[in-house]
Amino acid sequence: MILTRRLALGASLLAMPRLARAAWPDRPLTIIVPFAAGGGTDISARVMAQYLETELGQPVVVQNRGGAGGEIGLNAIADARPDGYTLGIINTPGIVTIPIERRPRWSLDSFTFIAGVVDDPATIAVHPESPIRSIAELVEAARREPGRVTVGDQGPGSAGSISVMLLEQAAGVRFEPVAYAGTAPGAQALMTREITAATANLGESLTFAQRQPWRTLGVMSAERHPMAPDVPTFKEAGYDIRGGSLRGLGGPKGMPAEVVARISTALDKVLANPAFRASSERAFQPLRYLNSADYVAFLQQADATHRALWRERPWGR
């Protein structure tokens, strides 16, 4: 009898971790955004969180941890307990450019990449009263006055900075970069004519154009984007370049496979939800789903591309 009770107790103890895992999630989740509130990444997180709450049955709190070009927030994601309760929005190019230009305490191997969600191509815009009306005219202005055409970006290694460098490389010209703490201050500088042009991702560019002087000259996508069919691509101007930011959902390395699967299933349902897709469209969030394997492959290719660019022209030096 005693032996039977001991066996039963042992069996129940062995089952406890399995039952605990099966109950996941049993408390709120956090999504860390490595940038300040109000930008494209923050909007991506908040729209996603709203619908993930329904699928996971727990509140999903968005926490902004900006600074150092995204490094502070990425530190927080990499350092979190790998239990699935702390996730984060992981962006290109920062996830690959930061380890190229300096030595953070993480690398690509420090994260679990769940899925790519938003692919927001780069744009360059001018004030509507600017005499520059196309990418070709912007390049010609830089050719006439090397280093005097100012372009606002978000600092060395940012999506805006890299997109301008790609154009410089393709066109054989040089612009004068002006760094701002985010796209919103850069947009303000363009509105007051402090700079000639400004960079922003497409979603941000469309948002700015709704409420302030803003003329988007071109988009760095393979073809004209459905959200902005009247905006020509850089390829149409003779520069076949791609730039921008892929935003995905991830977490720290070592997350349990069953938790990752649960989040992936929930995210699949979110992305298939017409209400989510409509909310994303209203928020100018260009959706592009990449499963975990494709997301990792994209990041590895981005890493190789940016390392090659760094060898030719290191940014921030």
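The values are calculated or read from the model by the stated rules, or taken from the named source; none is laboratory data. Since this is a predicted model, take the numbers as computed values, not measurements. Ideal geometry is used to build each Cβ from the backbone, glycine not excepted, and the neighbour counts take in all protein chains shown. Calculation scope for accessible area: heavy atoms of the full protein, side chains included, ligands and nucleic acids excluded. Shrake-Rupley method; radii C 1.70, N 1.55, O 1.52, S 1.80 Å.
Does the stretch 273-284 contain any residue that is within 18 Å of D153 (Cα to Cα) and modelled with pLDDT of 95 or more?
No, because not a single residue in the stretch 273-284 is within 18 Å of D153 (Cα to Cα) and modelled with pLDDT of 95 or more.
Just name the residue that is farthest from S245 (Cα to Cα) out of those in the stretch 110-129 that are among the small types (G, A, S) and part of a strand (DSSP E or B).
Ranking the qualifying residues of the stretch 110-129, first place goes to A125.
Could you please let me know if I77 is among the β-branched types (V, I, T), under 27 Å from K269 (Cβ atoms) and at pLDDT below 95?
Spelling it out, it is not the case that I77 is among the β-branched types (V, I, T), under 27 Å from K269 (Cβ atoms) and at pLDDT below 95.
Which one is farthest from G69 (Cα to Cα), of the residues in the stretch 32-51 that are open to solvent by 60 Å² or more (accessible area, probe 1.4 Å) and modelled with pLDDT of 90 or more?
Among them, the one singled out is Q50.
Kindly indicate whether A266 is of a type in the set (A, V, I, L, M) and either surrounded by fewer than 16 Cβ atoms within 10 Å (Cβ to Cβ) or over 25 Å from D109 (Cα atoms) (or both).
Answer is no for this residue.
Please enumerate the residues belonging to the stretch 146-163 that are touching an Asp or Glu at 6+ places or on another chain (Cβ under 6 Å) and either β-branched (V, I, T) or in contact (Cβ under 8 Å) with a residue 40 or more places away in the chain (or both).
Of everything in the stretch 146-163, those that are touching an Asp or Glu at 6+ places or on another chain (Cβ under 6 Å) and either β-branched (V, I, T) or in contact (Cβ under 8 Å) with a residue 40 or more places away in the chain (or both) turn out to be T150, G157, G160, S161.
P229 versus (1) touching a strand residue (DSSP E or B) at 6+ places or on another chain (Cβ under 9 Å); (2) more than 30 Å from A23 (Cα to Cα): which is the lone unmet condition?
(1)
As an exercise: evaluate A302 against (1) within 22 Å of E176 (Cα to Cα); (2) at pLDDT below 95; (3) hydrophobic (A, V, I, L, M, F, W, C) and give the number of the one condition it does not meet.
(1)
Select, from R148, R133, R102, the only residue that is at pLDDT 95 or above and basic (K, R). Steps first, please.
Working: R148 fails: at pLDDT 95 or above; R102 fails: at pLDDT 95 or above.
After ruling out the rest, the residue left standing is R133.
Restricting the stretch 54-109 to residues that are in a helix (DSSP H, G or I), out of contact with any strand residue (DSSP E or B) (no Cβ under 9 Å at 6 or more places or on another chain) and among the charged types (D, E, K, R), which is nearest to T30 (Cα to Cα)?
This residue is E55.
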